[in-house]
Amino acid sequence: MSDTDFLLDSRGDAQDLGAWVIGAVFGRDGGCAFALGDGTVRLADGWRPVTAHDGACLSIAADVKDGVITGGDDGRVMRIAPDGTATELAKYGSKWVDHVAAHDSGLRAATVGKAVHILDGKGTALKSLAHPTTVTGIAFDTKGKRIAASHYNGASLWFVAAKESSPRVLEWKGSHTGVVISPDASHVVTTMQENTLHGWRLADGQHMRMAGYPSKTKSVAFTAKGRWLATAGADCVVLWPFFGGGPMGKAPTELAGGDGVLCTTVACHPTQDVVAAGFDDGLVLIAEIGSGRVVPVAAPRGTAVSALAWNGVGSHLAFGTEGGFAGLIDLSKK
Amino acid sequence: MSDTTARDPVPVTVLTGYLGAGKTTLLNRILTENHGKKFAVVINEFGELGVDNDLVVDADEEVFEMNNGCICCTVRGDLIRILGGLMKRRDRFDGIILETTGLADPAPVAQTFFVDEDVKRATRLDAIVTVVDAKHLVARLADTKEAQEQIAFADIIVLNKMDLVTGAEADEVERRIRGINPYAEIRRATKSDVPIDSVIGRDAFNLERILEREPEFLSGDDHHEHDSEVNSVSFEVDKPIDAERFNAWITQVLASKGQDLLRTKGILYYADDSRRFAFQAVHMIADGDFIGEVKDGDPKKSKIVFIGRDLNRPWLRRGFEACQAGEDESKIQAEIARWTPPPA
């Protein structure tokens, strides 16, 4: 084992899961779960496999109170409780459930084609939000009042509780492939097919274009207080400043670059200005934004990092790769 | 602990054809025949008949424009998403078959394989297979632009319903097909009964394979017909090609005429290079690669084929000829200047 694996060896628990890791999340109870391309969910506590979907898991999110929810290409939304019990929350025929999300206020959301279905904590369907084209990503705002959905030619921002449902449409020509909302709900940012990001300042509708990527950005995340937007898609972690008038007219900060390997996944620490990043060769590292200091977490193992998540207090980091290698590292002070 | 290493790209067969031509019959033959292979099937939601297969995905045929300054560059957004999803369960199938609706323009499908980096990395376009109805093709060619495009894009054409036509009628239909697309393989069939290995796993989109299988691609007659709106022209030159001149010229031709050029394919022998260069484009989107050393005794003739509408044969011929090394520099400059790109 190389020195790069020091943290994984000394403070980690690693496992070869044998299938593409499509996502890793920590439930609000603190438990860690990995969703896989073979349709199973693995709970890191003992690495128990739980059959979730007949096909592949396509998305995973922390559920309302505890456990996780997943969407699959069998058209189902599943809940996996912390004890591993799997329950079907919804079924949408043969359509894929591409994305799921949940908020601790008691809401769940699932995308199926052009629709975003909103469910309550019991799994009862509340409403279905229609879009002009297939929904490619969803995000709740911090308070759970609004949900953003990305699609062709822009994103739609909905008030979840509104009786009359009509979205605020954020328009920008082209194919938008994912969406995030800043922690203070002041900005919406999408990833695009053309190796760029697009953003809207909600107060005045100001457009923001963040370009210059050599490949598609598939992972973006705001830092805890929303000062930075960390992004994958370049051979380093690209951070756009969302303060002092930025990101318009500001150059992004670059971290952990230099070896020419694409960053594929980013995850921001829940309280500190620290970002975890995964790369195309499987390398996982943590970088401190202020100092630029980089600490390796796991050595390259050949396939791209496809999942990365911090727990709620920021003491543990989980990662997974396309090749099925997964790890959970305890970074708390000892 | 080691990670699974990256795998070979998954072959994708695109099945096109007009409504009622026998596309779904062919698809079901491929799926039910005992070949030991498993396929993921992507069908459009308005499919004609049921498809019996373990892994069937409904597609919406969402055609998206790319913001890359190229006005005819469209891709299938749903396909990018679906192929990405299928890659996560890569071990469950050996290949992917993609059926398109009868009215679909094949260009966005083909361009998706050129333009999207993830699709390019994970998959390989094996062939565009077009099923046509021998009895009704001539009428379809007269009244729809899609029927012509589906033939223009085909690598393999299944000339179906042979039981409904006479030998002379079949020959006439083949002549019409050749007028649009002279290098596609034509397979005659009744009830889509072609050998499966003649349409699947052919690597027919790959120009190197075309050369191995059909040396006449380089030496065949240049069909010159005008009974369809879409037709083809091809040219051959003896002297090696000057790479810089060719790039400058073809870039200008595609920028200016790309909307009307459905497919462009070329095999080029560059001056000072011992390898052959394969060039291909769908509308304005071009791609090219060296495809191995020239063998002893190979005729070192470069050839280019344009399939499209309203092709200016003399301009294209003179331009390609001016790309030859040793030709006067002023000649190629004049040929490039002819093709004024539309204002951006």
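Each Lys or Arg adds one and each Asp or Glu subtracts one; over the other residues with Cβ under 12 Å from the Cβ of residue A:156, this totals +2.
Rounded to the nearest Hz, the phi-derived 3J(HN,Hα) couplings of segment B:244-261 under the Karplus curve 6.51 cos²θ - 1.76 cosθ + 1.60 (θ = phi - 60°) are 5, 5, 4, 4, 4, 6, 5, 4, 5, 4, 5, 5, 8, 10, x, 4, 8, 8, where x marks glycine and proline.
The alpha carbons of the protein assembly as shown stretch over 80, 56, 53 Å along the principal axes, in descending order. Taking GluC sites (Glu not before Pro) across segment A:129-232, the ones in a DSSP loop with at most 12 further Cβ atoms lying within 10 angstrom of their Cβ are A:164. Extension gain, residue A:207 to residue A:128, is 25.6 nm, computed as 0.36 nm per intervening residue step minus the present C-alpha separation.
With a ≥ b ≥ c taken as the square roots of the eigenvalues of the C-alpha gyration tensor of segment B:225-338, please select rounded if a/c is under 1.5 and otherwise prolate if a/b is larger than b/c or oblate if it is not? Judged from the Cα gyration tensor, segment B:225-338 comes out prolate (a/c at least 1.5, a/b above b/c). When peptides A:293-300, A:204-211 are ranked by their average number of other Cβ atoms within 10 Å per residue, the highest-first order is A:293-300, A:204-211. Eigenvalues of the alpha-carbon gyration tensor of chain B, scaled by 5 and square-rooted, set the equivalent ellipsoid semi-axes at 33, 24, 20 angstrom, largest first. Computed from label points 7 Å out along Cα-Cβ, the spacing between residue A:186 and residue B:273 is 5.2 nm. Placing a pseudo-label 7 Å from each Cα along the Cα-to-Cβ vector at residue A:295 and residue B:172 gives an inter-label distance of 8.0 nm.
Shape class for chain A, computed from the alpha carbon gyration tensor (a ≥ b ≥ c): oblate, with a/c not under 1.5 and a/b at or below b/c. Which value in nm describes the separation of the simple spin-label points at residue A:315 and residue B:191, placed 7 Å from the Cα toward the beta carbon? Distance between label points: 7.0 nm. Which of the residue pairs B:257/B:331; B:38/B:145; A:95/B:88; A:145/A:225 have a Cα-Cα distance greater than 25 Å in the structure shown? Violating the 25 Å Cα-Cα cut-off are B:38/B:145.
All other residues whose Cβ lies under 13 angstrom from that of residue B:107 are scored, Lys and Arg at +1 and Asp and Glu at -1, for a net of -2. Each distinct pair of alpha carbons in segment A:58-210 adds a 1/r term; the inverse of their mean, the Kirkwood radius, is 15.5 Å. Just check segment A:214-323 against the gyration tensor rule for me: Cα atoms, a ≥ b ≥ c as the square roots of the eigenvalues, rounded for a/c under 1.5, and otherwise prolate or oblate depending on whether a/b exceeds b/c. Judged from the Cα gyration tensor, segment A:214-323 comes out oblate (a/c at least 1.5, b/c at or above a/b). For residue A:132, the shell of other residues with beta-carbons less than 15 Å away shows a net charge of -3, using +1 for Lys and Arg and -1 for Asp and Glu.
For residue A:216, the lysines whose Cα falls under 16 Å of its own Cα, not counting residues fewer than eight places away in the same chain, are B:120. Footprinting exposure proxy ranking of B:66, B:284, fewest other C-beta atoms within 10 angstrom first, gives B:66, B:284. Using the Cβ-Cβ distance between residue B:311 and residue B:19 with R0 set to 35 Å, the FRET efficiency from 1/(1 + (r/R0)^6) comes to roughly 0.75. When you filter the trypsin sites (Lys or Arg not before Pro) in segment A:114-200 for DSSP loop state and at most 12 other Cβ atoms inside 10 Å of their Cβ, you are left with A:122, A:143, A:163. Listed as lacking a disulfide-compatible partner in the protein assembly as shown: A:32, A:57, A:236, A:263, A:268, B:72, B:323, by the criterion of no other cysteine Cβ under 4.7 Å.
Computed from the coordinates by the stated procedures, all read-outs in this text should not be read as laboratory data. Everything quoted here is computed from the prediction, not taken from an experiment. Heads up, the Cβs are rebuilt from the backbone with ideal geometry, glycines too, and the neighbour counts pull from every protein chain shown.
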